[in-house]
Amino acid sequence: MIDKLQDNLTLEEKKILGGIFSEKYYKVAYFSGIAYASSLLLELFEKIGILELLKNNYPSSKEIIEKFDFILGAKYSLEWMLNFLSQAGLLEKTEANKYHYNKTENINPQKLLEEVTKIDKNIVFSTNLMNYVISEYPNFFSGRKKGFEIIFAADKMSLWNDYFNNENSGYSAYNSLGAFGVAKWVAGCNNLKLLELGGGTGGATSALMDRLIKENKSSPISEYIFSDVSPIFLRIGNRTIMSKNCDCFPYLLKRLDFDKPLVEQEIAENSIDIVYAVNALHAARNLVDSLKNIHKVIKRGGKIIFCEYCRPNINHLLLQEFIFCLLDNYMNVDLDCRLRPVPGFLDFPHWELNLEAAGFKNIEAIFNTDADSSLDPKIKVGIIAAVIKGEKI
Ligand SMILES: C[S@@+](CC[C@H](N)C(=O)[O-])C[C@H]1O[C@@H](n2cnc3c(N)ncnc32)[C@H](O)[C@@H]1O
């Protein structure tokens, strides 16, 4: 299925994708995404004393929480860390969900960072955020700080701005892939009314403008609604769009919550040609309900197009989660064993099920790689990104 979808691309499109997900990108994604993150987690475990316990025993997450007097809310992120390290081959995990560390060599995060910044200095926009979040985990585990206080600390907003910025090679590929999807799936259309949900810092909007300029065609978009649930992000996003000084399309700002019906927030039924989002929709509390609400405001013949971190399979852990595990609204979503078995990011088959359940048809996806869902041994990274399209017919 995945190979077949990837085969739908023209040579020119494959060239564009190859430019976004280049060998350099994978090298950096592997080093910063797996090796560096793992070394930071081991360093954190060493600092707290967990590593010593893991070396000498086979504790479960429950035993670790009791021994170190962590708050109960630490369970999910601690288990995520233990499972991420075992996924990376650094911890042994038994059938009884107990963990053990038996490696002897020390991985030095600083050394890894020096190596990876030689390949790409802009990766610091990702690693700075990772360093900050990791440094706050002891406060979170002990209950001294709540997750949202850490994530939304006023003096740390610039870290987010840098992270979602298109200068950040570790993240910008998602904005570029999203823009690629829009350009591909709106080709030949014009006069479109586009609604972006969860627009955040405006990074995805900015990448879309760049794509349209690059294509050198008159813009197919005649009205752009940039929206987010957070007034702070609306302000930041507005600054990004204004600074582009680009006349690709007129835009307006709107505070919209995709957990609530959009028709109750002044978006008329059947009024939108394209609903667009980058790394936002996985946060929906009830994903099918949100997708149904989106379906309602799209015109017949219109589309939803969104780009997301994509799990290669539903149980695979993605690095970015150690940041988002701190957020209640990332974790506390409505789960469903068929449609949404885990919180947060989905794999493509589950996106497909949710889109179908919401009434979308002709669902297609383009991935970062045409490798199948197992890890590519050469780059050690398989599917990690998807731009997905569904149509209202
Ligand atoms: C990962 S960021 C998206 C990044 C964005 N595409 C960018 O380029 O900066 C997720 C965004 O979704 C927004 N969001 C989360 N829940 C939302 C909701 N229920 N309704 C609307 N926006 C939401 C957040 O405020 C945040 O700005």
Theoretical FRET efficiency, 1/(1+(r/R0)^6), r = Cβ-Cβ of residue 58 and residue 218, R0 56 Å, to 0.05: 0.30
Distant-in-sequence amide H partners of residue 386 (H built 1.01 Å from N, under 5 Å): 308, 310
When 94, 205, 117 are ranked with the fewest other C-beta atoms within 10 Å first, the list becomes 94, 117, 205
Classify region 25-163 as rounded, prolate or oblate from the Cα gyration tensor: take a ≥ b ≥ c as the square roots of its eigenvalues, call it rounded if a/c is under 1.5, otherwise prolate when a/b beats b/c and oblate if not. oblate
Name the residue, out of 225, 107, 34, whose mean-square fluctuation peaks in a Gaussian network model built on the chain with Cα pairs under 10 Å. 107
Name the residue, out of 93, 27, 214, whose mean-square fluctuation peaks in a Gaussian network model built on the chain with Cα pairs under 10 Å. 214
Quick check: pseudo-label points 7 Å beyond the Cα along Cα→Cβ at residue 145 and residue 334, how many nm apart are they? 3.3
Using θ = phi - 60° and Karplus 6.51 cos²θ - 1.76 cosθ + 1.60, couplings along region 160-175 (whole Hz; Gly, Pro as x): 5, 4, 5, 5, 7, 5, 6, 6, 7, 4, x, 10, 4, 4, 5, 5
Suppose the chain between residue 285 and residue 154 were pulled fully straight at 0.36 nm per residue; how much longer would it get relative to their current alpha carbon spacing? 44.7 nm
Identify the residues of region 160-185 with backbone N under 19 Å of a label point that sits 7 angstrom from the Cα of residue 10 along the Cα-to-Cβ direction, or state none. 177-185
Name the GluC sites (Glu not before Pro) in region 71-155 that are in a loop by DSSP and that have at most 12 other C-beta atoms within 10 Å, would you? 95, 105
Mind running the shape call on region 105-191? Use the C-alpha gyration tensor, a ≥ b ≥ c as the square roots of the eigenvalues: rounded below 1.5 for a/c, prolate if a/b tops b/c, oblate otherwise. oblate
Could you tell me the number of lysine pairs in region 80-236 with C-alpha atoms less than 22 Å from each other, where the two lysines are 8 or more residues apart or belong to different chains? 11
In nm, to one decimal, how far is the modelled label at residue 128 from the one at residue 100, with both set 7 Å along Cα→Cβ? 4.2
Please list 3J(HN,Hα) in residue order for region 269-275, calculated via the Karplus relation 6.51 cos²θ - 1.76 cosθ + 1.60 where θ = phi - 60°; whole Hz, with x for glycine and proline. 4, 6, 10, 10, 7, 10, 9
For region 354-368, what does the Karplus curve 6.51 cos²θ - 1.76 cosθ + 1.60, with θ = phi - 60°, yield as ³J(HN,Hα) per residue in whole Hz, taken in order and with x for Gly and Pro? 5, 5, 4, 4, 8, x, 7, 10, 6, 7, 9, 9, 10, 10, 5
For residue 91, enumerate residues with amide H under 5 Å from its amide H, sequence gap 5+ or separate chain, H modeled in the peptide plane. 86
By the C-alpha gyration tensor axes a ≥ b ≥ c (rounded if a/c is under 1.5, else prolate when a/b exceeds b/c, else oblate), the shape of region 171-391 is rounded
Per-residue Cβ neighbour rank within 10 angstrom, fewest leading, 275, 342: 342, 275
Electrostatic dipole magnitude of the chain [Cβ: Lys, Arg +1; Asp, Glu -1; Cα centre; debye, to 20]: 400
Approximate spin-label separation residue 271-residue 393, in nm, with each point projected 7 Å along Cα-to-Cβ: 2.7
Among beta bridges that DSSP assigns inside the chain, antiparallel share in %, nearest 5: 45
What is the set of long-range amide H partners of residue 346 at a cut-off below 5 Å, with H atoms built 1.01 Å from backbone N? 311
Could you give the length gained by full extension between residue 76 and residue 93, i.e. 0.36 nm per residue of separation minus their alpha carbon distance, to one decimal place? 4.5 nm
Picking from 23, 12, 364, which is most flexible by a Gaussian network model of the chain using Cα springs under 10 Å? 12
Taking the number of other C-beta atoms within 10 Å as the exposure measure, put 58, 309, 36 in order starting with the fewest. 58, 309, 36
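Each value in this text was obtained by applying a stated rule to the coordinates, not by laboratory testing. Computed from a predicted structure; not experimentally measured. FYI the Cβ positions are ideal-geometry reconstructions off the backbone, even for glycines, and counts take in every protein chain you see.
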